[in-house]
1. Which FRET efficiency value, to the nearest 0.05, is calculated for Gln81 and Glu372 with the Förster distance at 35 angstrom and r the Cβ-Cβ distance?
2. Sort 70-82, 319-331, 93-105 for me by packing, meaning the mean count of neighbouring Cβ atoms within 10 Å per residue, highest on top.
3. Given R₀ = 25 Å, what would the calculated FRET efficiency be for Glu51 paired with Thr174, taking r from the Cβ atoms and rounding to 0.05?
4. List the cysteines in the chain whose Cβ has no other cysteine Cβ under 4.7 Å from it.
5. Give me the distance in nm between label points sitting 7 Å out from Cα along the Cα-to-Cβ direction at Asp111 and Phe31, one decimal.
6. Name the residue farthest towards the positive end of the dipole of the chain from the options Ser102, Val349, Tyr116, assuming +1 on Cβ of Lys and Arg, -1 on Cβ of Asp and Glu, about the Cα centre.
7. Past 29 Å, Cα to Cα: identify those pairs from Lys178/Lys250; Lys80/Lys401; Lys329/Lys365; Lys221/Lys401; Lys322/Lys401; Lys365/Lys401, in the order given.
8. For Thr348, put the label point 7 Å out on the Cα→Cβ axis and report which residues of segment 198-217 keep their amide N under 11 Å from it.
Amino acid sequence: MAFKANLTLNVLFISFALILTNVIRLRLLPFNDDAKRSLGYPSDSLLNFTELATEYGYRSEEHTVVTEDGYMLTIFRIVKQNCQGVMNGPPVVLMHGLLQSSDAWLDAGPDAGLAYLLADACFDLWVGNQRGNYYARRHVRYDPDADADFWNFSVDEIGLYDVPATIDYVLNHTHSEKLNFIGYSQGSGTFFIMCSERPGYCDKVNVLIGLAPAARQTYTKSVIYRIACITIAGMEGMLRAVGFEEIFSKGQLSQELLGFICQMKALAEPLCGTGEQLFDSFHPGSISNRTLRVMFGHFPAGTSVRNMARYGQSMLTDKFQKFDFGAEKNSLIYGEERPPQYNMNRVTVPVVIMYGLNDHLVDPKDIDWLVENLPNVLSVKRVADPLWNHFDVTYSRYTGKMLFPAVHRYLLKFSS
Ligand SMILES: *[C@@H]1O[C@H](CO)[C@@H](O)[C@H](O)[C@H]1NC(C)=O
Ligand SMILES: *[C@@H]1O[C@H](CO)[C@@H](O)[C@H](O)[C@H]1NC(C)=O
Ligand SMILES: *[C@@H]1O[C@H](CO)[C@@H](O)[C@H](O)[C@H]1NC(C)=O
Ligand SMILES: *[C@@H]1O[C@H](CO)[C@@H](O)[C@H](O)[C@H]1NC(C)=O
């Protein structure tokens, strides 16, 4: 019982910290990286994508993708030095999940971070970023700190603009006709949205490897995640009316507090490891102490209130549909009172799905629904470890054994 009470306290503490402190911005305080280093933060938690890649002997390029609606997304290309001349074709795009950035693929370190493992296998790897996170918080017209319009998006717009713009950029830059795409959670869901809404884009991709793909969220088990998203959905109008548009961003107190607590050796595992598992599900020992100390330097990476609200909505319906503005505004925007559903028949690309039985954010029952509704499923793989959960995809120490072999095999199958 004492153990349980302890856990409850931890969750309460973290939830409290996350929700209440989000309004306060720390960007102006002199809490800089030098101060953090002297406090003992692991240096990897303070490095950006290029710096991390360089530190471990990879070459990284920084590119800027500009979407049709003006968002500027920094994306990275990472290459293993000794692969030059023997690259596996075509390029591969790797896309992160909700509240993450490209850095999530490096946080588990060179033995387990999927970006490192893919680069080691000599793929021409491009690691994307979606609007709203700290690498994609720029716009040709809007100032994210001053213009509410910048934050008027959800996965609907990310799928409509960011994913196709990233694909076009990589194809143009590499002079390739097609590429292979790996999407984790939101990175996969936004790909489906693109296929539904942007005819022709699915044809630019040989294979989609969906890691814990998030389309509808009807059966999401995580109580904390459900409550958080549904609460935000209910409060969206009010929050935005008072100018609260951005949420869980890097540099806001919530992230700084997590970063501060979780970098401490004594607290990383009992507090942050436990908190993360209460949020998702228990998989003891899967995320190393080192990764726990590093990952909260890059997570949460920020998104819009509207995007979180869109997730809340998706937990209250059994459909994979667009943002629900309410009957009146829906009629105005969509021409019908209910939000239109995405057309999964247009996801014509061959899809490989990998999921974990113990995933409490994207439930296996929602994966089943996806498999039934996608027209061209090549393979559905349940990760062999029965405790495999949602966060494991980016942060587990076992990705090399549990995910990488199948991902590698399918990428090679679609490389020529
Ligand atoms: C990453 O850090 C390097 C070195 O400090 C800097 O030159 C570069 O602009 C940073 N990249 C991004 C995308 O912030
Ligand atoms: C946000 O975008 C929707 C259309 O997607 C539009 O109807 C609405 O007026 C916009 N809201 C704001 C505050 O600009
Ligand atoms: C394609 O790349 C070239 C340079 O390599 C650039 O000049 C051109 O604008 C790009 N086109 C698109 C559509 O991005
Ligand atoms: C992680 O740290 C905890 C103490 O905080 C310790 O009990 C545990 O053995 C460590 N795990 C590993 C794999 O080192």
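1. Values: r = 44 Å, r/R0 = 1.27.
With a Förster radius of 35 Å, E is 0.20.
2. Numbers: 70-82: 19.8, 319-331: 16.0, 93-105: 26.8.
Highest-to-lowest ranking by the protection proxy: 93-105, 70-82, 319-331.
3. Step by step, r from the Cβ atoms, then E = 0.55.
4. Cys229
5. Inter-label distance under the simple model: 3.2 nm.
6. Farthest along the dipole direction, towards plus: Tyr116.
7. Details: Lys178/Lys250 34 Å; Lys80/Lys401 20 Å; Lys329/Lys365 31 Å; Lys221/Lys401 26 Å; Lys322/Lys401 36 Å; Lys365/Lys401 25 Å.
Lys178/Lys250; Lys329/Lys365; Lys322/Lys401, as the Cα separations exceed 29 Å there.
8. 199-204
The values are calculated or read from the model by the stated rules, or taken from the named source; none is laboratory data. Remember, it's a predicted structure, so these values are computed and weren't measured experimentally. Because the Cβ atoms are built from the backbone with ideal geometry, glycine has one as well, and the counts that use them run over all protein chains shown. Accessible surface areas use protein heavy atoms only, side chains included; no ligands, DNA or RNA. Shrake-Rupley method; radii C 1.70, N 1.55, O 1.52, S 1.80 Å.
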